[in-house]
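A short write-up of the structure that comes next.
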Amino acid sequence: MNKKDLRKYIRMQKQQFTNEQLEELSLPVIKKLKAHPRVKAAKTILMYYSLADEVNTHKVIDELLAEGKTILLPAVISDTEMEIRYYEGPKDLMGGFFDIMEPIGRTFTGYEAIDVAVVPGMSFDLQCNRLGRGKGYYDRFLPKIPQAYKIGVCFPFQKLPGIPAEENDMKVDEVI
């Protein structure tokens, strides 16, 4: 199956669930993420503010912030680039590109300080390959943070034995 068809297949899988069911499916994933030793030890974490059809990260972002961690979120700034901004609470969010809630706060440029990056994906495989939504934002950004431990998060039905991967597709270190 090519990438386009796989994205379509995963979207169809997601549509079989209600928002409430996806919320329930998010709970064990987020519980594992929050208990992860790398997350517990991290001072600075790059997260993502989830869309309705993704593992819900809204609550855990605020919980990690309350624990004193520096939380960063991406903000799309063009058709090809995203930048990273500090997240200081829900008041910092505003609808951005693709109707994704994005932080409006200060830009973060100290990439070397990012300990963990929590990365969304349409699908992940056993080799930690990641299939994104097709725009390449994370594939272009992740090489800028080689020291960060990259954790892919997804629903169980998004984990597949193998997915198509090309040289420019960035892997994660682990999938939850």
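See the values below:
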item: Over the chain, relative contact order from alpha-carbon pairs under 8 Å, at least 6 apart, %; result: 22
item: Loop trypsin sites (Lys or Arg not before Pro), the stretch 1-100, which have at most 15 other Cβ atoms in a 10 Å radius of their Cβ (DSSP); result: Lys43
item: Computed [θ] at 222 nm, deg cm²/dmol, the chain (DSSP H ≥ 4; -39,500 (n - 2.57); rounded to nearest 500); result: -8000 deg cm²/dmol
item: Principal axes of the chain: Cα extent on each, largest first, Å; result: 41, 35, 32
item: Calculated from backbone phi, Karplus (6.51, -1.76, 1.60) coupling profile of the stretch 71-79 in Hz, x at Gly/Pro; result: 10, 10, 10, x, 9, 6, 10, 6, 5
item: Cα gyration tensor, the stretch 83-145 - rounded (a/c under 1.5), prolate or oblate; result: oblate
item: Amide H within-cut-off set for Ser50, under 5 Å, with H built and near neighbours excluded; result: Thr57, His58
item: Sites matching chymotrypsin sites (Phe, Trp or Tyr not before Pro) across the stretch 1-86 that sit in DSSP coil, with at most 16 neighbouring C-beta atoms within 10 Å; result: Phe17
item: Cα long-axis angle, helix 19-35 against the chain (0 to 90 degrees, to the nearest 10); result: 60
item: Sulfur and carbon atoms: percent of accessible area, the chain [1.4 Å]; result: 54
item: Surface accessible to a 1.4 Å probe, per residue, for the residues of the chain, Å²; result: 52
item: Amide proton proximity set for Arg130, modelled H, under 5 Å, gap of 5+; result: Val172
item: Of all DSSP beta bridges in the stretch 9-150, antiparallel share, percent nearest 5; result: 65
item: Rounded to whole Hz, the Karplus (6.51, -1.76, 1.60) HN-Hα couplings of the stretch 47-60, x for glycine and proline; result: 10, 9, 8, 5, 7, 4, 9, 10, 3, 6, 9, 4, 5, 5
item: Rounded to 10°, Cα long-axis angle of helix 3-15 versus longest principal axis of the chain; result: 80
item: Backbone HN-Hα couplings from phi across the stretch 119-132 [Karplus 6.51/-1.76/1.60, Hz, Gly and Pro as x]; result: 10, x, x, 6, 7, 9, 10, 5, 8, 6, 6, 10, 10, x
item: Spacing of the two label points (7 Å from each Cα toward its C-beta) at Lys32 and Arg140, in nm; result: 3.1
item: Separation of the Ala66 and Met1 label points, Cα + 7 Å toward Cβ, nm; result: 3.8
item: Under 5 Å, built H, 5+ apart or other chain: amide partners of Arg85; result: Leu73, Ala75, Phe108
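The values are calculated or read from the model by the stated rules, or taken from the named source; none is laboratory data. Note that the structure is a prediction, hence the values are computed from the model and not measured. As a convention, Cβ positions derive from the backbone with ideal geometry for all residues, glycine included, and neighbour counts pool all protein chains shown. When the accessible area is computed, the model is the full protein with side chains, heavy atoms only, and any ligands, DNA or RNA have been set aside. Shrake-Rupley method; radii C 1.70, N 1.55, O 1.52, S 1.80 Å.
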